[in-house]
Amino acid sequence: VWACFTDQGFGPTVTDGVYFRYSHGINSGRWECVCESNGTETTADSGVTVAVSTWYDLRVVVNAAANSAQFYID
């Protein structure tokens, strides 16, 4: 699952963006917070494990200078 703001959709073609990413077999099933700039990806563990049949409110706030992003879950 990808929840994102990117320059090219999602997947391996992303060059710039901020997004949440989830895969059951990666990061012990927790949401990843991802920032990508010029094809260089930086990830952070959200600490929130995805649970079946659960809705999540995902929010990313980018500052006016576009050099910092804060990730929020619920």
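The values are calculated or read from the model by the stated rules, or taken from the named source; none is laboratory data. Please read all numbers here as calculations on a predicted model, not as lab measurements. Cβ sites come from the backbone with ideal geometry, for glycine too, and all protein chains shown count toward neighbours. Note: accessible area is taken over every heavy atom of the protein model, side chains too, but ligands, DNA and RNA are not part of it. Shrake-Rupley method; radii C 1.70, N 1.55, O 1.52, S 1.80 Å.
Think of a 1.4 Å ball rolled over the protein heavy atoms: the chain then has 66 Å² of accessible area per residue. Taking every Cα-Cα distance in the chain and sorting them into 5 Å bins from zero, the calculated P(r) comes out as 3, 16, 28, 26, 17, 7, 2, 0 percent. Please compute the net charge surrounding Ser37, taking Lys and Arg as +1 and Asp and Glu as -1 over other residues with Cβ under 11 Å from its Cβ. Neighbourhood net charge equals -4.
What percent do you get for the relative contact order of the chain when only Cα pairs under 8 Å and 6+ apart count? The partial results should precede the final answer.
Working: 133 pairs, mean separation 15.6, N = 74.
Value for the chain: 21 percent.
Using a probe radius of 1.4 angstrom, the carbon and sulfur fraction of the accessible surface of the chain is 53%.
Nothing charged except the Cβ atoms of Lys and Arg (+1) and of Asp and Glu (-1): what's the magnitude of the dipole of the chain about its Cα centre? Round to the nearest 20 debye. With Lys and Arg at +1 and Asp and Glu at -1, about 120 debye. If you sort Trp2, Trp55 by accessible surface, 1.4 Å probe, largest first, the order is Trp55, Trp2.
Going by accessible surface with a 1.4 Å probe and the largest first, Glu41, Glu32 read Glu41, Glu32.
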